[in-house]
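In what follows, a structure is listed as structure tokens, so that the remarks can point back to it.
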Amino acid sequence: MEFRKSTESDIEEIMSIIRQAQASLRTLGVNQWQNNYPNAGSIRSDIGHGNSYVLLKNEKIAATAAISFDGEKTYDSIYEGQWIMDQAYAVIHRIAVDDKKKGFGIGSDMIKYAERLCLEKGIYSIRVDTHERNLPMRKLLQKNRFQYCGVIYLSDGSERIAFEKTLY
């Protein structure tokens, strides 16, 4: 497997995976990632900021994620709980796995690469948020030892549950 930063030429393949994830969430009755988000503009912005990554298996994109070390404004306030660490952290957003590659631990592999990036930068915390009813993402987070921390609100007022993993 190869883990690398995404390029403009990856956008079409990334968007194919994103559309699969959007369809899966819609089937589950989860309103996360609907209403044309994320879209090619979101991915292009992630690439421009150096935050978009892909995981390739057999030279094809198997998973995608945005991994940022710039903080997250919506994480400044957390309700019904608290963050574990009060120091620099990474954020994983827009993580998705190709439907044909699901069930092979690719999502966990993507998280492990994010952890490696963190440790290379001296960052010992990763934060993630998701929709309460996004059970596949919650299962992935639990499998990878993320701890539930509380509730955050997106800029549009949508509620999300927040998780953190500390790296030692």
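Tabulated results
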| item | result |
| --- | --- |
| Global geometry of region 17-147, whether rounded, prolate or oblate, following the gyration tensor of its Cα atoms and the 1.5 cut on a/c | rounded |
| Residue-normalised accessible area of region 35-166, expressed per residue, 1.4 Å probe, Å² | 53 |
| Relative contact order (%) - the chain, alpha-carbon pairs under 8 angstrom, separation at least six | 22 |
| Residues of type lysines that Lys100 reaches as a straight line, Cα spacing below 26 Å, ignoring anything fewer than 8 places off in the same chain | Lys5, Lys57, Lys60, Lys112, Lys139, Lys143 |
| 5 angstrom amide H check on Ala63, placed H, neighbours 5+ away | Leu55, Asp98 |
| Peptide ranges 117-128, 53-64 listed from the most packed, as the mean C-beta count within 10 angstrom indicates | 53-64, 117-128 |
| Lys, Arg +1 and Asp, Glu -1 on Cβ, resulting dipole of the chain about Cα centre, debye, nearest 20 | 580 |
| Rounded if a/c under 1.5, otherwise prolate or oblate - region 1-85, Cα gyration tensor axes | oblate |
| Portion, in percent, of the accessible area of region 1-160 that falls on carbon or sulfur, probe 1.4 Å | 46 |
| Between region 94-143 and region 12-77, the Cα center-to-center distance that results, in Å | 12 |
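The values are calculated or read from the model by the stated rules, or taken from the named source; none is laboratory data. Values in this document were obtained by computation on a predicted structure and should not be read as measured data. Here the Cβ is made from the backbone with ideal geometry for all residues, glycine too, and neighbour counts use every protein chain on show. Just so you know, the surface numbers come from the protein's heavy atoms only, side chains and all, with ligands and any DNA or RNA stripped out. Shrake-Rupley method; radii C 1.70, N 1.55, O 1.52, S 1.80 Å.
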